[in-house]
Amino acid sequence: MKFFSFITMLLLLANGLSGQNNITGTIMHDGLLRDYRLHFPPGFSTNKPAPLVFNLHGYTSNAAQQELYSGMNAVADTAGFVVCYPNGIANAWNVGWAFGSTADDTGFISAMIDEFHTKYNIDINRVYSCGMSNGGFMSYKLACDLNNRIAAIASVTGSMVPAQLTTCIPGRAVPVMEIHGTADNVVGYQGTALISAGIPAVLDFWSKNNGCTPSPSVTAVPNTNTADNSTAEKWVYNDCDPHGDVIHFKVLGGAHTWPGSQISVGVTCQDFNASVEIWKFFRRWELPQTSGASADEVSNPAPVPNPFVTDVNLWSRNGGELVIHDISGRQFKAMDLLPGINKVEGTALPQGFYIFTVREGFTTHKYKILKN
């Protein structure tokens, strides 16, 4: 199934990308030599930690094409963040489809975070992921499985694999943005069996996970380009948890395209720029519970593993209190937390979902945890 293809001119232009602020690199992960493109803004210095945005290509596409098509480098140059365009194995990301890649892409992303933090002093509190189509699916997978390292995600023309709506247990509120056209004939707005969940179902999942009110506020995006055959609405879900807004740009008549792109491969909305809006969203967020933490401490700010079978490890900066309830509100356990890693004995807990409430001083965080 071909999720994203580019015209011949785009291929030629992408192959010619160059510049002193761009480098290519490789990293060995899980027995595979993986590669990526990295763009640094002008004046970048390792003396000052910079945010990092992963920008993931679509199915059958590649890093260079995504770099050109999204136009995100121009935004990075103004805002001062670093952009990484990795390559998936076989031009695909492993998101749980019966086709495409079977590589450990979550581990690959995590390994790059470590590499870039060590080499370039990337701010590991401010690492984000966005992507086109299959890259959007992968960003949602990171929101489910790597949100202890990814502060927020955005998907353009992507979705979630339907099974993820029941298997994804984020354990915290994760800021999410979805940009999607109603006339997308590749990743349909209403979903495709076994391939993609409908966008309304995805928004419902994350708004519930993030504690938002179910009905969003909807405003029209100014129709600044009347010749692009599309208009757009901005949906904002309200009263979400402090660390988890949900925003949706619904492109009425929009195709399987990146709004604002200067390369037109279908009905491309020009009333807003997806790369600009993604960064405006990302810049508001950083990982919770990480201010002043070391790299090792930041790597696990939420309880792990999740799901668990016996014990859960919970990191606390200054100590505090943990209270565990089931989803009906019945309390099962309460314990004091010491600074550092705390081992939470969970063998006696029945199987099911639990809410871990962590209180540290005046701060309270809640995590949804599954006992298998």
Quick check: residue separation of THR310 and LYS343 times 0.36 nm, minus the Cα distance between them. What number comes out in nm? 10.8 nm
What ranking do 199-206, 166-173, 213-220 get when scored by the average of other Cβ atoms within 10 Å per residue, highest first? 199-206, 166-173, 213-220
Shape of the stretch 8-282, Cα gyration tensor, a/c cut at 1.5: rounded
Counting other C-beta atoms within 10 Å, which of MET160, MET72, MET112 has the fewest, and how do the rest follow? MET112, MET72, MET160
Find how many whole Å separate the alpha carbon centroid of the stretch 179-204 from the alpha carbon centroid of the stretch 32-95. 25
Once you have a ≥ b ≥ c as the square roots of the Cα gyration tensor eigenvalues for the stretch 180-241, tell me rounded if a/c is under 1.5, and otherwise prolate or oblate according to whether a/b is larger than b/c. oblate
Assertion target for SER207, SER261, SER139, ordered by fewest C-beta neighbours within 10 angstrom first, is SER261, SER207, SER139
Cross-link partners among lysines for LYS48, C-alpha distance below 19 Å, same-chain residues fewer than 8 apart left out? LYS119
Cysteines of the chain without any disulfide-compatible partner (other Cys Cβ under 4.7 Å) are CYS84, CYS130, CYS269
Can you spot the lysines whose alpha carbon is less than 23 Å from LYS141's alpha carbon? Ignore those fewer than 8 places along the same chain. LYS2, LYS208, LYS250, LYS280, LYS366, LYS368, LYS371
Karplus-derived 3J(HN,Hα), 6.51/-1.76/1.60, for each residue of the stretch 30-46, Hz, glycine and proline x: 6, x, 10, 7, 9, 9, 7, 10, 10, 10, 9, x, x, x, 4, 9, 5
Listed by chain and number, the residues whose amide H is under 5 Å from that of GLY320, excluding neighbours fewer than 5 places away on the same chain and using placed H, are LEU337, LEU338
Exposure proxy check: ILE124, ILE89 ranked by fewest other beta carbons within 10 Å? ILE89, ILE124
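Only the coordinates and a few stated rules stand behind these numbers; no lab work does. All values derive from a computational prediction rather than experimental measurement. Neighbour counts are summed over all protein chains in view; Cβ atoms, including those assigned to glycine, are modelled from backbone coordinates with ideal geometry.
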